[in-house]
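Notes follow once the structure below has been shown.
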Amino acid sequence: MPAKAKRKYDRVLLKLSGEVFKGKKPYGIDHRVVNTIAQEIEDIYAIGTEIGVVIGGGNIFRGLSESAAGMDRSTADHMGMLATVMNSLALQDFLDKKGVPTRVQSAVQMHQIAEPYIRRRAIRHLEKKRVVIFAAGTGNPFFSTDTAAALRASEINAEVILKATKVDGVYDKDPVKSKKAKRFNTLTYEEVLDRKLGVMDLTAITLCMDNHLPIIVFDLNRPGNIYKCIAGENVGTLIRG
């Protein structure tokens, strides 16, 4: 954490993909990666930022791809929700070990391992300086964890969604495939939708637009980037109205 702590945002929603958790493994959870993410969260927690987290489950199970392979979509999506719970518990464990108080709230009730999602309780946890990890997506099939992130961020009155990715922002083309890909510093919601940039799915972007909720898309692999986002530094791509 930088010596001179500062923050632009008081309450944020951090969206992490499940794929990030597997590191260089073909699947599963790389403990070193999760520990690094937990350290980044601890750094912004230490300066008083209130943090909600939504994690995907693609490192364990992807409902959409499995349904495309022939599995019933509702069944596949529910299995994907369970994968997000596993990731949420892993992150909670690493945060607990760093002395960061956490709560996992699940949209699918499983009282033995997580609280049920209750909006007022989640906000109260944030006010008491606990990191709240929202598991099991929205609890409904056919909705992505990006949509869950937009929904939870809106419900807890987050000031911004921090969308962690493997690239340093939003490009007009795939930067891995094209050297001529152009990175955007800022975009409007309408531009994201019109250009079909694939930052988040249509439902998530529309929900953010309706609730005037900005999104910062940034590279999680660069140490300190979460803190830089919180501090208001020019990191990644800012999407807003």
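Values quoted throughout were computed directly from the atomic coordinates according to the rules given, and no laboratory measurement underlies them. As the structure is a computational prediction, the values presented were derived from the model and not from experiment. Positions of Cβ are backbone-derived with ideal geometry, glycine not excepted, and every protein chain shown enters the neighbour counts.
Descriptive notes on the structure:
- Lys/Arg +1, Asp/Glu -1 at C-beta; the chain dipole; positive extreme among LEU151, ASN35, HIS78: ASN35
- Using R0 = 25 Å, the C-beta based FRET efficiency linking SER74 and ARG119 works out to 0.50.
- Arranged from fewest to most other beta-carbon atoms within 10 Å of their beta carbon, SER88, SER154 become SER154, SER88.
- Charges were assigned to the Cβ only: +1 to each Lys and Arg, -1 to each Asp and Glu. The resulting dipole of segment 11-240 about its Cα centre is roughly 380 debye.
- Segment 11-240, relative contact order [Cα under 8 Å, separation at least 6], %: 21
- What the pair-distance distribution of segment 1-140 shows, using all Cα-Cα distances binned every 10 Å from zero, is 12, 41, 33, 12, 2, 0 percent.
- Near ALA76, once Lys and Arg are set to +1 and Asp and Glu to -1 for all other residues with Cβ below 10 Å from its Cβ, the sum equals -1.
- Potential lengthening of the chain between GLN112 and LEU89 amounts to 7.1 nm, from the contour at 0.36 nm per residue minus the alpha-carbon distance.
- Using C-alpha pairs under 8 Å with a sequence gap of at least 6, the mean separation divided by the residue count of segment 2-141 gives a relative contact order of 25 percent.
- Mean projection of the Cα convex hull over all viewing directions, computed for the chain: 12.9 nm².
- Cα-projected label distance for ARG7 with ARG222, points at 7 Å along beta-carbon direction, nm: 2.2
- Helix runs (DSSP H) in the chain reaching 18 Å along axis by Cα, Kyte-Doolittle at least -1.0: 31-45, 73-97
- For segment 116-241: rounded, prolate or oblate by the Cα gyration tensor [a/c cutoff 1.5]: prolate
- Here the alpha carbons of segment 79-125 define both size measures, Rg and Dmax, at 11.0, 31 Å.
- In nm, spacing of pseudo-spin labels at ASN211 and ASN140 (7 Å Cα→C-beta vector): 1.4
- Under the simplified labelling scheme, the ARG183-LYS25 pair shows an inter-label distance of 3.0 nm, with each label point 7 Å from Cα along Cα→Cβ.
- Student exercise, segment 1-111 dipole from Lys, Arg, Asp, Glu Cβ charges, in Debye to nearest 20: 400
- Per-residue ellipticity at 222 nm computed for the chain from its helices equals -11500 deg cm²/dmol, with DSSP H segments shorter than 4 residues left out and the rest contributing -39,500 (n - 2.57).
- When each of LYS8/LYS179; LYS129/LYS228; LYS22/LYS179; LYS24/LYS163; LYS15/LYS128 is checked by Cα-Cα distance, pairs over 25 Å: LYS8/LYS179; LYS22/LYS179
- For LEU207, neighbours were defined as the other residues whose beta-carbon sits under 12 Å from its Cβ, and their charges (Lys and Arg +1, Asp and Glu -1) total -3.
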